[in-house]
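All remarks here apply to the structure that follows.
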Amino acid sequence: MDVKEGTPRFGFMTRNYLVLALTSILWGIPASICNTYFSLYVFELGGAEMIIGLITAAGSATFVVFAIIGGHIADLYGRRKLIGVMTLILGFSQILIAASPNWQFLTFAIIVTNICWIFEPAFWAILADSINAQKRGTAFAVYSCLNLLPWAIMPAIGGYLIDMHGVLPTMRWVYTGLAVSGIIAGAIRLRMLKETISPQNRQAHENEGLRRLGKLVKDAFKEHVETWSWMPRSALALTVIYILWAFEYGLVEPYWIIYAEEIISLTSTEWGLIIAVGSAISVGSKILIVGKMLDRLGRRKILLATTAADVFTYLLFIRCGMFVQVFALWVAGSFIWSFYDPTYSSLEADLIPEERRGRVFAAFSVAWSAFSVPASLLGGFIYEQVSPQLSFILASAAVVSCFTLTALFIRNPSTPTKTMQL
């Protein structure tokens, strides 16, 4: 994409960029409630902490398989149709979650929805394709900011509704709303996205695919293995970092709300308010600070500062004993966390050539999801059977490891450096 130096600050907002951003906001309105209170929903359906880990692991394992296929399809056959059609089906799949009578059926529903996320590598590939390299930091920061807008309002509303009407009725209605949002978003994406794979390349693979359709899955896994052999070494280092973040996720992400409500004694309304204010802080920092800093200071410096500061959020959280303390910590933490998504997304786009982005983004997703399977099972066991506090302490240790790997092996692409040895 050719863009002159004098391009306005928001000149990166191409048609594809706007379509993906606006439909993500639409999806995020109910999803921000669903994700915030999912653990409580599992409890109401008869599950416990270890069941939360089991359900999370089942979803991640499913995603691992289908992300590989999705990355293959995205690079060889195009991004637009895959994104549009599977977003539509993802919307319909939410009805299964809304109608779940118990945690066993919910597990099945989560597996189905994770099959639908086969389009995720294509999503990130088409987004990266549609952004000029000089504006990636700002573009990904703005996208992340827009994606967070529903989180600045809806969790507080969801918490109030749960306290007033109960977990089950509220979550069933919200998941129904998520189904509607997904169907609308899918229709818009299918209609308005523009393909970024060249017609000649796409046509060649389409013809090839028709002759040997049955070998698609085999080819996808074969090329996934080959992807690791030519992936830049900085990208390999980034993959190892994502694996560590997968362990952080399995150890604590489903359990923030459980710890807050069961141990600190917060209400769902209070937790929803904390999440909403934190999201507003993230939105503000991404608009005013993050994008500019990424484009001016570089990805590596930002990551080092962010991970160093983030080490303490987990340790301080388990020292909190009241709403005010959690609120203050979450405000500070949200400012720190606001740098992660745009920084990692910018690094990915910097390191991977356009024609291979679908497969490499799939590799990143697969690495994260594959290791989140044992991490989720381990996290549920540690939280329920050993110690809730230990989960957060181990998550802090994972962040220390991310900082160390970033310092040793991650460099800005334009900076000559010795490469990572793996």
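The values are calculated or read from the model by the stated rules, or taken from the named source; none is laboratory data. If you're wondering where the values come from, they're calculated on a predicted model, not measured in any experiment. All Cβ positions, glycine included, derive from the backbone under ideal geometry; neighbour counts span all protein chains shown. Please note that ligands, DNA and RNA were not included when accessible areas were found on the heavy atoms of the full protein model with its side chains. Shrake-Rupley method; radii C 1.70, N 1.55, O 1.52, S 1.80 Å.
Structure notes:
- Straightening the chain between K81 and W228 buys 50.3 nm, computed as 0.36 nm per residue apart minus the Cα-Cα spacing.
- Measuring spread by the Cα atoms of the chain yields a radius of gyration and Dmax of 20.8, 64 Å.
- Relative contact order [Cα under 8 Å, 6+ residues apart], the chain, whole percent: 30 percent
- Too-long pairs where the Cα-Cα distance tops 23 Å, listed order kept, from K194/K292; K135/K301; K135/K286: K194/K292
- Cβ charges +1 (Lys, Arg) and -1 (Asp, Glu), total dipole of the chain, debye: 1380 debye
- Candidates K292, K222, K81: whichever shows maximal mean-square fluctuation once the chain is modelled as a Gaussian network with Cα springs under 10 Å: K222
- Distance histogram for the stretch 230-285 (every C-alpha pair counted, 5 angstrom bins, percent rounded to whole numbers): 4, 16, 14, 15, 17, 14, 9, 6, 4, 1, 0
- Proximal charge balance of V167 [Cβ under 12 Å; K/R count +1, D/E count -1]: -2
- For the stretch 9-78, projected area of the alpha-carbon convex hull averaged over all directions, nm²: 7.2 nm²
- Carbon and sulfur %, accessible surface of the chain computed with the full protein complex present, 1.4 Å: 66 percent
- Note on the stretch 290-355: Kirkwood radius taken over Cα pairs, Stokes-Einstein applied at 10 °C and 1.306 mPa s, translational D equal to 120 µm² s⁻¹.
- Farthest toward the positive end of the dipole of the chain, out of I287, Q389, I51, is the Cα of I287, where the dipole comes from beta carbon charges about the Cα centre.
- The stretch 55-69 and the stretch 77-156 have Cα centres lying 14 Å from one another.
- Simple spin-label estimate for I25 and D163 gives 2.8 nm between the two label positions (7 Å along the Cα-to-Cβ direction from each Cα).
- I382 sits among other residues whose Cβ lies under 14 Å from its own Cβ, and their net charge, with Lys and Arg +1 and Asp and Glu -1, is -4.
- Entry note, the chain: the mean residue ellipticity at 222 nm calculated from DSSP H runs of n ≥ 4, each adding -39500 (n - 2.57), is -25500 deg cm²/dmol after division by the residues and rounding to the nearest 500.
- Relative frequency of Cα-Cα separations exceeding 18 Å in the stretch 257-367, percent: 59 percent
- Accessible surface area normalised per residue over the stretch 218-368 is 38 Å², counting heavy atoms of protein chains with a 1.4 Å rolling probe.
- Ranked by the mean number of other Cβ atoms within 10 Å of their residues, highest first, the peptides 140-149, 295-304 come out as 140-149, 295-304.
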